[in-house]
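The values are calculated or read from the model by the stated rules, or taken from the named source; none is laboratory data. Keep in mind that this is a model prediction, so the values were computed, not measured. So basically every Cβ, Gly included, is an ideal-geometry build from the backbone, and we count neighbours across all protein chains shown. Surface areas here come from the heavy atoms of the whole protein model, side chains and all, with no ligands, DNA or RNA. Shrake-Rupley method; radii C 1.70, N 1.55, O 1.52, S 1.80 Å.
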Amino acid sequence: MTITVKKVSLKRTASDQIYLPAILKGLVTTARHFFKNTLTKGMGDVDTIRYGEPDVNVEDYYPQRFRGVHRLMHRDDGSVRCVACMCCSTVCPARCIYIEAEDRGGDEEKAPKSFVIDELKCVVCGFCVEACPCDAIRMDTKAHMHPTETRADAVLGKLDLMKRGTQSVAHQGGVGADFRTAAPKADPRFEHDPR
Amino acid sequence: MHASFFATLLSVLRRGMGPWSALLLPWVLTLGACAKDPAPEQVSVRAEPGSLIFHPDTEPLPIEVVNHGKRPVPVQGFQITGNDWSSFSIVEPINGQMLVPGRPLRFSVRVDAETFRGGTLPSAVQGETRELGPDEFREGEAVLAFRVGEETHEVPLTFEDPSWVTATLLPGLLKVVLLVLGFIMPLASLLLWQERKQSAMMQDRVGPNMARISLGGLTIRLWGLLHIATDGLKMFFKEDFIPRRAHRAMYTLAPIMALVPALVVFAIVPFGDALCYERLLDVLAQADVDQCAAGRGGTPLQIAHIDVGLLFYFAIASLATWGATLAGWASYNKWAILGALRASAQMISYEVAIGLTIVGALLVYGTLEPHALVHAQLDSAWGILLQPVAFVLFFTAAIAETKRAPFDLPEGESEIVGYFIEYSGMRFGLFFLSEFIEIVFVSALVTTLFLGGWALPFEMFGASGFAAPWVAQLFFTLVGLIIGATGVAVWRASKHARFVGATMLGVGVLHVCVALFSLMTGWGSEVPHVVVVLVGMLTWGVKVFVLCWLQLLIRWTLPRFRYDQLMSLGWKGLLPLSLANIALTAIVIYALSAAGTIDPEPTDAEGEAAAAQLGATP
Ligand code: SF4
Ligand code: SF4
């Protein structure tokens, strides 16, 4: 492929020198926008989301993948779906998830005894949701973290998080091949623990 | 570019109107079907002016008897009767003659003021009399009568010596209230909002729309118009900050020095022809209005009718520099003083260009007095046609005088914030307001100098009304349709604009109703004086408003100049061009007068008109 150089002449023509034609062109452009936005239904080209206006429900404007405040999902029996695998707290770049595991009883997985997210530290990256192997943590509430009076109020515990939660539709235990045997080889870049 | 602009405009109107356009068709058809000849005129011979008013120092007043009909009629029997008939006399003896249409009979009437001097006067108290001093005059009246065919026409002659209060103070106050409180202040505050809203619309944003009042459950948002009030309130309640080392007196004086000249220059702007107090409901001829404009029986709609009007403007406008300079100097702030220096240099540079561009117009129209200048334009052609170059140069230099983008270096909000950087609250508000008042003033001056002042184009509206009833019908229909369609489009554009849109639709419908009324009655060519005055002031206001809109459009379209570019534009661009404009205008006028096509020294309005008219097509 040959590279061609396009030469642009910077010489000013007479119509550039007297400014007026260019100015008129500009005025026509802005005037067109003005009339279109003032006089057409729905304000023409104005795409502004009417955030905060009284008769506007902000959530209608949020995209499908909007990341809101976290929630913890429930199992069929209403207990917490999380198995305290620590994936989320490991991947969290802000390191704002604190999990203490306990025995769930029987032959089952662990369960979090406490599950705390410091929403002030959270950078709303959504990695925790990506990392979770069992659809236990989600950020699909479309709710913003409310401003709080104290820092402590912004630290959400297990019950706070579960209050927003519902039953997950995912099948308990998953379907298909066992991910432990079918798992690809670990990426060497992730073997090193930065902590 | 242009084609696409109009295409967009059309599609905007189409989409905005939608089904509404179907409603227009029957109306247009009705218009076509009902169009009929105007009613034949009843009064064909008129004296113009219809009444003469004399003051003690009045020269003999000219009067014309004009035949507006189609056939010649005999006029005769001129005589003066009434109480004080002996004090008035017709200067040239006139005989009865056939009055041919288009050839008015001209003569003048003189008053002997001495007969009214001194003497005794019945006082307001019953039975008492009041002695008049040697400098006082009593009032007197007589009637000039003449016969047209069998009909007798009477022209009242009045002699009066109005006091300073009735001749100067009260009309002055009336005009100040009309102009400043009724127009400038509302428009300037509207511009505060319009600046934000219009820039938003031009940049595909929403702009201010949240200020609202709730009246019994009904929330009125008025398209964000209420932000005018909230802005004002905000300015009043902000901290009034004065820097510690500022010069307190000067610091306080500066905003006033900025605001006062901006308001005072409005004194010379004519915002209408003239107002005749006692004949508001009569149909007047131009001669009547001219008599009122001379201060007899009325007042010109211009606060100060001074012969050197435009020089007065230059004198006062130069003072506006003081506001900016003082503010910068007194603030004790390096950014402020930089802004002040820029402001003074810029304003002085562009004043030269402004002065020289106006000279071209002066050469053509031969007067410095704005009211006469507008009349000269109406007699020939608008300034924008005769002096297009001067129009562009003047508009450019005048925008530079307002210190706004693309000439906003004194403010330079991205670098030095400008000469008012230390000001807060209402002190800053005054600077802000005076900037907008200057915008209004520039628009008013351009309207006066180049856009025919208060007049509608194509001579469609004169002192007695529209040129013909069909002109009135066409005018009101078109204006009504434009306003109404815009109203509908605005209603549909945004929820918050519904009230504004509905109001505009109402105004449009009102116009169409007037057109319908005119269609049925043949009304339009003879309009009461008060309506003529209102239409004139409205026309003037609309022109000024459109120019303000244009200035905001320019301000939000063009980027800022660099300072050396600014100076070279002023001194190397506008100045030589305006000099060339003067030279060219002078040469054309000289050539035309040498060729004998125009009178070299126009002595009256007609001569000027002829000069101007010929200057248009060299
Ligand atoms: S969203 Fe990101 S930062 Fe917030 S808790 Fe999840 S992983 Fe941590
Ligand atoms: S929320 Fe998911 S990733 Fe985090 S500990 Fe629980 S199961 Fe593991």
Out of residues 5 or more away from B:Ala274 or on other chains, whose amide H comes under 5 Å of its own, with H placed 1.01 Å from N in the peptide plane?
-> B:Leu301
Total charge dipole magnitude, the protein assembly as shown, about the Cα centre, Cβ charges on Lys, Arg, Asp, Glu only, Debye to nearest 20 | 4060 debye
How much accessible surface does B:Ile90 have with a 1.4 Å probe, in Å² rounded to 10?
-> 40 Å²
Which percent of the accessible area of the range A:71-164 is formed by carbon and sulfur heavy atoms (probe 1.4 angstrom)?
-> 53 percent
Ratio of the Cα radius of gyration of the protein assembly as shown to 2.2 N^0.38 Å, where N counts its residues | 1.34
Accessible-area order (highest first, 1.4 angstrom probe) of the listed residues B:Leu338, B:Leu481 = B:Leu338, B:Leu481
Rounded if a/c is under 1.5, else prolate if a/b beats b/c, else oblate: with a ≥ b ≥ c from the C-alpha gyration tensor eigenvalues square-rooted, which is the range B:207-338?
-> oblate
Per the charge dipole of the range B:45-161 (beta-carbon charges, Lys/Arg positive, Asp/Glu negative, Cα centre), the residue among B:Gly82, B:Pro49, B:His68 reaching farthest to the positive end is B:His68
What per residue convex hull volume, in Å³, comes out for chain B when only alpha-carbon positions are used?
-> 223 Å³
Note down the accessible area of A:Cys85, probe 1.4 Å, to the nearest 10 Å².
-> 60 Å²
Report the local net charge at B:Leu275: Lys and Arg +1, Asp and Glu -1, summed over other residues whose C-beta lies under 13 Å from its C-beta.
-> -2
Evaluate E = 1/(1 + (r/R0)^6) for B:Glu415 and A:Glu100, where r is the Cβ-Cβ distance and R0 equals 45 Å; express this FRET efficiency to the nearest 0.05.
-> 0.20
How much area per residue is accessible in the range A:5-99 when the probe is 1.4 Å and only protein heavy atoms are counted (Å²)?
-> 62 Å²
Yeah, the range A:1-153 with a ≥ b ≥ c from its alpha-carbon gyration tensor (a/c under 1.5 is rounded, else prolate when a/b outruns b/c, oblate otherwise) is prolate
Report the residues of the range A:54-86 in range of a label on A:Glu149: point 7 Å along Cα→C-beta, backbone N strictly under 12 Å from it.
-> none
Going by the alpha-carbon gyration tensor, a ≥ b ≥ c the square roots of its eigenvalues, is the range B:498-551 rounded (a/c under 1.5) or, if a/c is not under 1.5, prolate (a/b greater than b/c) versus oblate?
-> oblate
Within chain B, longest stretch free of exposed trypsin sites (Lys or Arg not before Pro) [DSSP loop, at most 10 other beta carbons within 10 Å] | B:246-561
Provide the per residue accessible area, probe 1.4 Å, for the range B:80-235, rounded to a whole number of square angstrom.
-> 56 Å²
Distance (nanometres) between label positions extended 7 Å along Cα→Cβ at A:Thr13 and A:Asp135 | 6.4 nm
Can you pull out the trypsin sites (Lys or Arg not before Pro) in the range A:1-109 that DSSP calls coil and that have at most 10 other Cβ atoms within 10 Å?
-> A:Lys6, A:Lys7, A:Lys11, A:Arg12, A:Arg65
List B:Leu99, B:Leu433, ordered by accessible area with a 1.4 Å probe, largest first = B:Leu433, B:Leu99
Projecting the Cα atoms of B:Ala246, B:Ile184, B:Val588 onto the charge dipole of chain B, where Lys and Arg contribute +1 and Asp and Glu -1 at Cβ, the residue farthest towards the positive end is B:Ala246
With charges set only on the Cβ (+1 for Lys and Arg, -1 for Asp and Glu), what does the dipole of chain B come to about its Cα centre, in debye to the nearest 20?
-> 3600 debye
Between B:Ala167 and B:Ile587, Cβ-based FRET efficiency (R0 41 Å, step 0.05) works out to 0.40
Based on Cβ point charges of +1 for Lys and Arg and -1 for Asp and Glu, what charge dipole magnitude is obtained for the range B:45-161 about its Cα centre, in debye rounded to the nearest 20?
-> 840 debye
With only helices counted (DSSP H, runs n ≥ 4, each -39500 (n - 2.57)), the per-residue ellipticity at 222 nm for chain B, to the nearest 500, works out to -17000 deg cm²/dmol
Interface A/B, total buried accessible area with a 1.4 Å probe, nearest 100 Å²?
-> 3000 Å²
Give me the lysines in straight-line cross-link reach of A:Lys163: C-alpha distance below 26 Å, same-chain residues under 8 apart excluded.
-> A:Lys110, A:Lys113, A:Lys121, A:Lys142
Could you rank A:Tyr51, A:Tyr98, B:Tyr350 by how accessible they are, 1.4 Å probe, largest area first?
-> A:Tyr51, A:Tyr98, B:Tyr350
Express in nm, to one decimal, how much length is gained between B:Phe237 and B:Val91 on full extension, taking 0.36 nm for each residue of separation and deducting their alpha carbon distance.
-> 45.8 nm
Lys pairs, chain B - Cα-Cα below 21 angstrom, 8 or more residues apart or on other chains | 8
